[in-house]
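Following: one structure in structure tokens, then a few remarks.
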Amino acid sequence: MLCLTKKEENLMTKNNSSAKRLIPQKGGIRPWLFILPAAVVFAVFMFYPLIYTIYLSFFDWNMIKPVKEFVGLQNYLDIFTDPNIGKIFGNTLIYIVLLLIFDFIAPYIFSFILSFVIKMGKNFYRSVIFLPSVVSLVVGTMLFVWILNPISGPAAKLMGLFGLTAPVWSTTQGLVIVVISIMTSWKIFGYNFIVALSGMGGVPLEVIEAARMDDIPLHRIFLNIVVPMSSSTGIYVLILSIVQGMQQVFTPINMVTQGGPDYGSTNLIYNVYNEAFGFYKTGTASAYAILMLVLFGLLLFLEFKYVEKGVYYEN
Amino acid sequence: MIMAGKDIIFENVKKSYDDKTTIIENLNLTIKEGERLVLLGPSGCGKSTTLRMIAGLEDITDGKLIMDGKVVNDVPSGKRGVSMVFQNYALYPHMTVEKNITYALSVHKVDKKDIKERLEQVLKILGLEEYAGRKPKELSGGQRQRVALARALVKRSDYLLLDEPLSNLDAKLRLQARKELVKIHELYGQTFIYVTHDQVEAMTVANRIALMKDGVLQMLDTPYRVYHRPANVFTATFIGSPSMNIMEAEWAGGERLLVGNQCIKLPQMWKEIVEKHGKTKLYLGIRPENLKLCPGYNADGLNAEVEYVEDYGNRYGIYIKLGELELISMADSVFAGRGEKVHFVPDYSHIHLFDRESTDSLGYPAELEEGKEESNSFMQAILNEGVKA
């Protein structure tokens, strides 16, 4: 049997109690202190603005009037009776589809080719493709505006050689969205490409070799082996291209078209900005912002429900 | 001569990267249809590169590789009729065992009934039936190895390539898997090309061993001959554990051979070989198990002193000092302790002589060659046992 002196027993209980103190106790103040700094930052920059936006969406206010007029759900009703609403939502969806093609599918295929198909010049391509990511989108936009200038731009001159006339893209419905998506993708592509490339780095070369020995065509290797095996990175790139893309398109819209022609390039984010700081209708802008939140929430829900299930995680 | 049907023929094959690092200088090798050829050698000797050239995963810098009667230098991997078991198995981690095995067949639109039959057969042979629905990460190393083998077998290709397939298994499992591999070869009869750095694996699995070093083929022969008739010093010392004792020796004319400052008398059969060769600077090789020590001094033998003794449980390794040289003898019992004088008279039916300059074997007396091939190869005995089991 274990025999302890009184002194040792005292020492043990003492040690126990000090050990207990290190473990967070329910109701204690210590855990709250630990999360306080982060909580403050979140509260100031996330929760307060979010709640304030919801609050504002029930009022009519132009940022100057001393009194905010409560209008109930009127701002929301206004949105749905707005003749441009369909166009704005439609544009937003077109942007999403285009950005998914340019910034998710294309970089994914590029990184597959670079990882497993070509053998020469890998470093060169990697650097060249990533380069635009470090350049400001403002600079990129100016560059594109010059290149695509319908009269004096190099693109117009090139088309002139073939007897074609360059379209005035910034005032052409439909085309304007494509061009703005390309401008935005010019910046996002490289980053997404590098992320996808690192995801594919996790696919062992031997697995690809095994498939090649079995004479599996390249597109099947891509779809049946590489995509599933790198899907945890893929899903990240997917979300990134939507979220990043939707925000980044703001820069060229604001710089070149200001949402025109006739709302032809306006997406939800630009419209929120325009309602608030163009027309000083904070209530409508807030209501739009909330709708956008719902839309993104819905997309995220669909992603979790249908896409995440098939994702393969290494560990 | 038999036509080279499905033989694999390397004709002056060279492999180098960037024209700087040469992996394989000039390889000439014929792998016979249906045999088990083991490519053996230390790491970096070019054995895996050789295998990967057959697989079509490495380009051939120069020379010709002929398979199935055609030059296949530019034939892509998938069109060569080869299947391969990779060292790390290279299973598709997101697919079940069943899908792993049948994936290639279903991509190539093989008849569903046929796929099912082949799958069931291979699962049965390899004892994987109950694991068909599992993912690779839910399997042990040995099971994964068998899935990789199943995936290679189900293709029923003419050539099965195995790149150190057992190196990730523990010793006990390796022994068992080795026997299974031989059994499977007997069953399917494909040409087996097997890469390993493990000499015991090579000796037990191979019909023929191709021993390589620094991209040069050192010897290509049966396990028996590689062990008992090594073509050069490298082969002699690489195969066998502990490795062969190699002593510098000087032919002093006639029957006299000087080892250090001691002299032994070569019998007539060896005298003829040495005389024919003509050079004086030689190496004398004796395998530890053929070096039989006797107590005391003997003027006709080589006299040495015991340095220390290792106990292997079933046998003893006795290290002796012969002048400057350290030699090892394997014995069932020990009669002498450290510092004691011992001697040995070489068993002339089990010595090896090499040229010191080229390190090539001087050859063997005709008297020793007769009827040796079939007899008492213990390796072959293990092999046969494996097949029966």
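How high is the FRET efficiency between B:Glu305 and B:Met269 when r is their beta carbon distance and R₀ equals 35 Å, given to the nearest 0.05?
Values: r = 31 Å, r/R0 = 0.87.
The value I calculate is 0.70.
Using every alpha carbon pair in chain B, what percent of pairs falls into each 20 Å bin from 0 up to the bin containing the largest distance?
So the P(r) values, bin by bin, are 24, 48, 24, 4.
For B:Arg356 and B:Glu289, FRET efficiency with R0 = 30 Å and r from the beta-carbon atoms, rounded to 0.05?
Taking R0 as 30 Å, the efficiency between B:Glu289 and B:Arg356 is 0.80.
So how strong a dipole does chain A carry about its Cα centre when Lys and Arg Cβ are +1 and Asp and Glu Cβ are -1, to the nearest 20 debye?
1000 debye
Ignoring chymotrypsin sites (Phe, Trp or Tyr not before Pro) that are buried or in helix or strand per DSSP, and keeping those with at most 15 other beta carbon atoms within 10 Å, what is the longest stretch of chain B between them?
In short, B:1-296.
Among A:Ala106, A:Phe89, A:Met120, whose Cα lies farthest out toward the positive end of the dipole of region A:45-120, if unit charges sit on the beta carbon of Lys, Arg (+1) and Asp, Glu (-1)?
Checking the options against the dipole of region A:45-120, the answer is A:Met120.
What is chain A by shape, rounded, prolate or oblate, if you read a ≥ b ≥ c off the alpha carbon gyration tensor as root eigenvalues and call it rounded for a/c under 1.5, prolate for a/b larger than b/c, and oblate otherwise?
On the way: a/c = 2.64, a/b = 1.24, b/c = 2.12.
Taking the square roots of the gyration eigenvalues as a ≥ b ≥ c, chain A is oblate.
Only loop residues by DSSP count here, and only those with at most 15 other Cβ atoms within 10 Å; note down the GluC sites (Glu not before Pro) in region B:302-354 that meet that.
Loop-located and lightly packed - B:Glu324, B:Glu340.
Please rank B:Val205, A:Val256, fewest neighbouring Cβ atoms within 10 Å first, as an exposure proxy.
Lowest count first: A:Val256, B:Val205.
What does the charge count near B:Lys6 come to, summing +1 for each Lys or Arg and -1 for each Asp or Glu among other residues with Cβ under 13 Å from its Cβ?
Local charge sum for B:Lys6: -2.
Return the FRET efficiency for the residue pair A:Leu302, A:Ser127: r is the Cβ-Cβ distance, R0 is 45 Å, and the value is rounded to the nearest 0.05.
0.80
I want to check the label-to-label distance for B:Glu255 and A:Asp78. Put each point 7 Å from Cα in the C-beta direction and report it in nm to one decimal.
The modelled label-to-label distance comes out at 12.2 nm.
Within the set of other residues whose C-beta is less than 9 Å from the C-beta of B:Thr102, count the net charge using Lys and Arg as +1 and Asp and Glu as -1. Let's see the in-between values first.
Numbers: positive: B:Lys99, B:Lys116, B:Arg118, B:Arg151; negative: B:Glu98.
That sum, taken over residues with Cβ under 9 Å, equals +3.
Amide H to amide H under 5 Å from B:Val85: which residues, 5+ apart in sequence or cross-chain, H placed 1.01 Å off N in plane?
B:Leu161, B:Leu162, B:Asp163
Quick one: putting +1 on the C-beta of Lys and Arg, -1 on the C-beta of Asp and Glu, what dipole do you get for region A:85-236 around its Cα centre, in Debye to the nearest 20?
So the magnitude is around 380 debye.
Stokes-Einstein diffusion coefficient for the protein assembly as shown at 25 °C in a medium of 0.890 mPa s, Rh from the Kirkwood formula over Cα pairs: what value in µm²/s?
74 µm²/s
Sort out the exposed loop trypsin sites (Lys or Arg not before Pro) in chain B (DSSP loop, at most 12 other Cβ within 10 Å) and tell me the longest stretch that has none. Present the calculation step by step, with values, prior to reporting the outcome.
Working: sites that count: B:Lys20, B:Lys109, B:Lys279, B:Arg338.
The segment B:110-278 is the longest one with no such site.
Which of rounded, prolate, oblate describes region A:13-167, given a ≥ b ≥ c as roots of the alpha-carbon gyration tensor eigenvalues and a/c under 1.5 marking rounded, otherwise prolate only if a/b is larger than b/c?
In terms of gyration-tensor shape, oblate.
Could you check what % of the DSSP bridge pairs in the protein assembly as shown are antiparallel, to the nearest 5?
Bridges in the protein assembly as shown that DSSP calls antiparallel: roughly 75 percent.
Going by amide H atoms built from the backbone, whose H comes under 5 Å of the H on A:Val71, apart from near neighbours?
Those lying under 5 Å, H to H, from A:Val71 are A:Phe59, A:Asp60.
Amide H to amide H under 5 Å from B:Gly56: which residues, 5+ apart in sequence or cross-chain, H placed 1.01 Å off N in plane?
none
Pairing the Cα long axis of helix B:268-277 with the longest principal axis of chain B, what angle in degrees results, from 0 to 90 and rounded to the nearest 10?
70 degrees
Distance from the Cα centre of region B:309-347 to that of region A:38-85, in angstrom?
For region B:309-347 versus region A:38-85, the Cα centre distance is 95 Å.
Multiply the residue gap between A:Ile105 and A:Phe279 by 0.36 nm, knock off their C-alpha separation, and tell me the result in nm, one decimal place.
58.9 nm
If you take the C-alpha gyration tensor of region B:247-325, multiply each eigenvalue by 5 and take the square root, what semi-axes do you get, largest first, in whole Å?
The equivalent ellipsoid of region B:247-325 has semi-axes of 27, 13, 11 Å.
Compute the angle between helix B:378-388 and the longest alpha-carbon principal axis of chain B, please, reported from 0 to 90 degrees and rounded to the nearest 10.
30 degrees
Measure out, as a whole number of angstrom, how far apart the alpha-carbon centroids of region A:265-288 and region A:194-262 sit.
First find each Cα centre; the distance between them is then 31 Å.
Which one of B:Met95, B:Met203, B:Met247 has the biggest mean-square fluctuation once chain B is modelled by GNM with Cα springs under 10 Å?
The residue with the greatest mean-square fluctuation here is B:Met95.
Measuring from centroid to centroid over Cα atoms, what is the spacing of region B:212-241 and region A:111-174 in Å?
Region B:212-241 and region A:111-174 have Cα centres spaced 61 Å from each other.
I need the shape label for region B:221-261. Rule: rounded when a/c is under 1.5, else prolate if a/b > b/c, else oblate, with a, b, c from the alpha carbon gyration tensor.
prolate
Which angle between 0 and 90 degrees, to the nearest 10, do you get for helix B:112-125 versus the longest principal axis of chain B when only C-alpha atoms count?
30 degrees
Give, as a single signed number, the net charge of other residues whose beta carbon lies under 11 Å from the beta carbon of B:Gly323, with Lys and Arg counted +1 and Asp and Glu -1.
Local net charge: -3.
Report for region B:125-272 the percent antiparallel among DSSP-assigned beta bridges with both residues inside it, nearest 5.
Rounded to the nearest five, the antiparallel share is 70 percent.
To the nearest 20 debye, what is the magnitude of the charge dipole of region B:63-205 about its Cα centre, counting +1 on the Cβ of each Lys and Arg and -1 on the Cβ of each Asp and Glu?
The calculated dipole for region B:63-205 is roughly 340 debye.
Sorted from fewest to most neighbouring beta carbons within 10 Å, what does the list B:His352, A:His219, B:His343 look like?
A:His219, B:His343, B:His352
All of the numbers you see were taken from the coordinates with simple rules; none came from a lab. As the structure is a computational prediction, the values presented were derived from the model and not from experiment. Here the Cβ is made from the backbone with ideal geometry for all residues, glycine too, and neighbour counts use every protein chain on show.
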